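Following: one structure in structure tokens, then a few remarks.
The values are calculated or read from the model by the stated rules, or taken from the named source; none is laboratory data. The structure presented is a predicted model; accordingly, all values stated were derived computationally and were not measured. Glycine gets a Cβ as well: all are built from the backbone with ideal geometry, and neighbour counts include every protein chain shown. Only protein heavy atoms, including side chains, enter the accessible area calculation; ligands, DNA and RNA are left aside. Shrake-Rupley method; radii C 1.70, N 1.55, O 1.52, S 1.80 Å.
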2 protein chains.
Amino acid sequence: MNEMKAPPLAASELMGPNEFEAAIRAVGTERYHDKHVFHKLLHGGKLNKGQVQAWALNRYCYQEAVPRKDAAFMSRVHDRDLRREWISRIHDHDGLGEEPGGIERWLILTDGLGLDRKYVTSRQGALPATRHIVESYVRFVREQPLVVAVASSLSELFAPSIHRERIAGMLENYDFISDHVMAYFKRRLTQAPRDSEFALAYVKANARTREEQEACVDAVRFKCDVLWAQLDVLNHAYVTPGLIPPGAFVPASL
Amino acid sequence: MNEMKAPPLAASELMGPNEFEAAIRAVGTERYHDKHVFHKLLHGGKLNKGQVQAWALNRYCYQEAVPRKDAAFMSRVHDRDLRREWISRIHDHDGLGEEPGGIERWLILTDGLGLDRKYVTSRQGALPATRHIVESYVRFVREQPLVVAVASSLSELFAPSIHRERIAGMLENYDFISDHVMAYFKRRLTQAPRDSEFALAYVKANARTREEQEACVDAVRFKCDVLWAQLDVLNHAYVTPGLIPPGAFVPASL
């Protein structure tokens with residue numbers, strides 16, 4: 001007689017807050033980009049300067065998309081208190097008044113790597129796939145239900161450890177990386193936890209059906225994939241097999 | 001013999017900056033909502049309190065849409081300097097930190113008119129057409145070319161005179177309107193000119209073909225129509241013929 005498997009557990013009941021949070025956090029363990037081979041090469045000092053330039057140049061596109069996805073989110077929010085809370089994310093990235101913001105700090109990194117600012121901000125040297133991937137994130141936030149859009153920001157739950165690892169690993173392993181140019185990551189160590197705490201509480205309070213909860217967990221997967229796919233295309237173009245697509249940045253030191 | 005008409009002037013050449021600005025300003029003369037019969041009734045003291053309540057309640061939907069359309073605009077802007085400039089519009093409406101912002105000032109007006117805040121911010125008592133009209137404005141800004149989206153804000157060129165008229169007329173003519181509740185309009189007397197100067201300079205610098213210039217002039221028309229149509233539906237529902245659609249606010253004093 002065939003062995004009978006137990007039927008799958010009914011997955012139609014609302015998860016409790018702890019179970020829901022654990023399901024979200026499990027996505028990080030499963031697929032946050034700190035597990036990507038390119039990340040390990042980057043932080044382990046295994047890349048040459050041209051490959052680090054390619055990473056910084058492509059990642060600029062992501063940095064630049066973030067305040068736009070936050071604005072896309074705000075454009076759909078009727079709750080003024082939520083907009084007033086969310087706008088601080090745009091301030092963090094674009095700056096406000098005297099505060100230059102995270103994108104400016106990213107450009108200090110690309111400056112430090114010897115890349116021309118106009119070339120970086122033109123996004124013309126980025127891999128076409130990078131641009132497609134980050135714009136898909138902006139679109140996701142513009143189109144998905146609000147609670148799902150908020151959930152897609154929750155990859156920030158996993159960010160502080162990668163930032164700490166990045167700061168230490170890159171400073172230690174590359175003579176072309178100085179403390180000064182790592183300012184972006186140092187600032188994110190305090191910004192990301194504040195944002196992800198708010199977003200986690202929002203998602204836990206506002207995902208009110210099992211389907212919404214699962215859509216939120218899927219949104220964290222989607223977002224981790226956005227980050228992972230950016231490293232896939234970098235790895236393919238600049239490491240293995242090292243096939244740079246037409247028009248994309250060609251490092252001098254490759 | 002039939003009389004021959006002169007052929008229309010060729011309209012394919014770029015307008016000079018003065019001609020272009022004049023074409024934009026002419027739209028105000030042609031169709032800004034200070035010419036609407038409802039506006040004249042409102043400012044001339046010819047409405048009863050219930051009708052003024054209906055106006056304030058519906059206009060809240062427009063006020064509430066404005067920071068969302070500004071966020072929709074920012075979500076499409078790759079130029080960080082432009083985003084850093086534009087975000088001040090969201091601050092003006094939503095407030096920032098201790099500054100409560102224009103929407104809060106609008107709610108002081110609806111408070112003063114005896115309307116419940118939750119009812120106002122729910123937008124449930126607004127005319128369905130009001131909601132359609134203002135969301136169409138958000139969509140326009142999200143979908144049109146950037147320079148055309150900016151141009152749609154240029155109805156602000158015509159705003160200070162209407163605000164001055166509104167403050168004077170409403171204070172003089174209604175015993176239920178106090179100086180305190182008119183704070184929104186007084187603040188806009190300084191905010192609107194700053195914003196419209198920036199937007200006008202942007203449009204003049206960035207509309208680079210005749211077609212783009214005409215699309216910008218059309219955008220100002222579109223925006224004036226957004227404002228005009230809101231008064232049309234108010235007039236129809238609450239003045240002549242006074243047909244309030246199902247579910248919309250019914251004033252106690254009608």
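For region A:109-146, which residues satisfy the criterion of being over 19 Å from the mean Cα position of the chain (by Cα) and either surrounded by fewer than 17 Cβ atoms within 10 Å (Cβ to Cβ) or among the charged types (D, E, K, R) (or both)? First the steps, then the outcome.
At the first step, the residues of region A:109-146 found to be over 19 Å from the mean Cα position of the chain (by Cα) are A:111-119, A:122, A:124-125, A:145.
Matches in region A:109-146: A:Asp111, A:Gly112, A:Gly114, A:Asp116, A:Arg117, A:Lys118, A:Tyr119, A:Ser122, A:Gln124, A:Pro145.
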Discussion item. With the structure loaded, tell me whether B:Glu64 is open to solvent by 10 Å² or more (accessible area, probe 1.4 Å) and on the phi < 0 side of the Ramachandran plot or whether it fails that test.
Written reply: no
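Please work out if B:Gly45 is out of contact with any strand residue (DSSP E or B) (no Cβ under 7 Å at 6 or more places or on another chain), within 14 Å of another protein chain (Cβ to nearest Cβ) and touching a residue at least 60 places away in the same chain (Cβ under 8 Å). So that I can check it myself, show each step before the final result.
Working: out of contact with any strand residue (DSSP E or B) (no Cβ under 7 Å at 6 or more places or on another chain): yes; within 14 Å of another protein chain (Cβ to nearest Cβ): no; touching a residue at least 60 places away in the same chain (Cβ under 8 Å): yes.
So B:Gly45 fails the test.
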Worksheet, complete the sentence: Apart from one, (1) within 15 Å of the chain's Cα centre (by Cα); (2) touching a residue at least 24 places away in the same chain (Cβ under 8 Å) all hold for A:Phe185; the odd one out is (2)
Discussion item. Considering only region A:76-83, I want to know if a residue exists there that is open to solvent by less than 10 Å² (accessible area, probe 1.4 Å) and more than 10 Å from chain B (Cβ to nearest Cβ).
Written reply: no
Worksheet entry | Residue in region A:204-221 that is of a type in the set (A, V, I, L, M), surrounded by 20 or more Cβ atoms within 10 Å (Cβ to Cβ) and closer than 15 Å to A:Leu47 by Cβ present | no
Worksheet, complete the sentence: Within region A:40-72, the residues that are more than 20 Å from A:Gln124 (Cα to Cα) and not basic (Lys, Arg) are A:Leu41, A:Leu42, A:His43, A:Gly44, A:Gly45, A:Leu47, A:Asn48, A:Asp70, A:Ala71, A:Ala72
Practice prompt. Output the residue which, of all residues in region B:100-138 that are without any contact (Cβ under 8 Å) to a residue 24 or more places away in the chain and within 11 Å of chain A (Cβ to nearest Cβ), is farthest from B:Trp55 (Cα to Cα).
Written response: B:Pro100
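Does B:Ser155 count as open to solvent by 10 Å² or more (accessible area, probe 1.4 Å), part of a helix (DSSP H, G or I) and more than 14 Å from chain A (Cβ to nearest Cβ)? Write out each step before concluding.
Working: open to solvent by 10 Å² or more (accessible area, probe 1.4 Å): no; part of a helix (DSSP H, G or I): yes; more than 14 Å from chain A (Cβ to nearest Cβ): yes.
When the stated conditions are applied, B:Ser155 does not pass them.
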Practice prompt. For B:Tyr238, work out the one condition from (1) within 20 Å of B:Pro160 (Cβ to Cβ); (2) surrounded by 15 or more Cβ atoms within 10 Å (Cβ to Cβ) it doesn't fulfil.
Written response: (1)
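Looking at the structure I just gave you, is B:Thr209 free of Cβ contacts under 8 Å to residues at least 60 places away in the same chain and more than 24 Å from B:Ala54 (Cα to Cα)? Steps first, answer last, please.
Values: free of Cβ contacts under 8 Å to residues at least 60 places away in the same chain: no; more than 24 Å from B:Ala54 (Cα to Cα): yes.
Answer is no for this residue.
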Worksheet item: In region A:121-152, how many residues are outside any helix (DSSP H, G or I) and under 17 Å from A:Tyr60 (Cβ atoms)?
Response: 5
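On the given criteria, is B:Ser196 of a type in the set (S, T, N, Q), part of a helix (DSSP H, G or I) and either under 15 Å from B:Leu82 (Cα atoms) or over 16 Å from the mean Cα position of the chain (by Cα) (or both)? Steps first, answer last, please.
Numbers: of a type in the set (S, T, N, Q): yes; part of a helix (DSSP H, G or I): yes; either under 15 Å from B:Leu82 (Cα atoms) or over 16 Å from the mean Cα position of the chain (by Cα) (or both): yes.
For B:Ser196, the condition - of a type in the set (S, T, N, Q), part of a helix (DSSP H, G or I) and either under 15 Å from B:Leu82 (Cα atoms) or over 16 Å from the mean Cα position of the chain (by Cα) (or both) - is met.
Looking only at region A:165-179, how many residues end up being touching a helix residue (DSSP H, G or I) at 6+ places or on another chain (Cβ under 7 Å), assigned to a helix (DSSP H, G or I) and open to solvent by 40 Å² or more (accessible area, probe 1.4 Å)? Write out each step before concluding.
The initial filter retains those residues of region A:165-179 that are touching a helix residue (DSSP H, G or I) at 6+ places or on another chain (Cβ under 7 Å), namely A:165-167, A:169-171, A:174, A:176-179.
In the following step, the residues that additionally are assigned to a helix (DSSP H, G or I) were identified as A:165-167, A:169-171.
Checking the rest, the ones that are also open to solvent by 40 Å² or more (accessible area, probe 1.4 Å) come to A:165, A:171.
Counting residues in region A:165-179 that are touching a helix residue (DSSP H, G or I) at 6+ places or on another chain (Cβ under 7 Å), assigned to a helix (DSSP H, G or I) and open to solvent by 40 Å² or more (accessible area, probe 1.4 Å) gives 2.
Only residues that are more than 10 Å from chain B (Cβ to nearest Cβ) and either surrounded by fewer than 14 Cβ atoms within 10 Å (Cβ to Cβ) or more than 17 Å from the chain's Cα centre (by Cα) (or both): list them for region A:88-99, please. Full working, then the answer.
To start, the set of residues in region A:88-99 that are more than 10 Å from chain B (Cβ to nearest Cβ) comprises A:89, A:92, A:98-99.
Within region A:88-99, A:Glu98, A:Glu99 meet the criteria.
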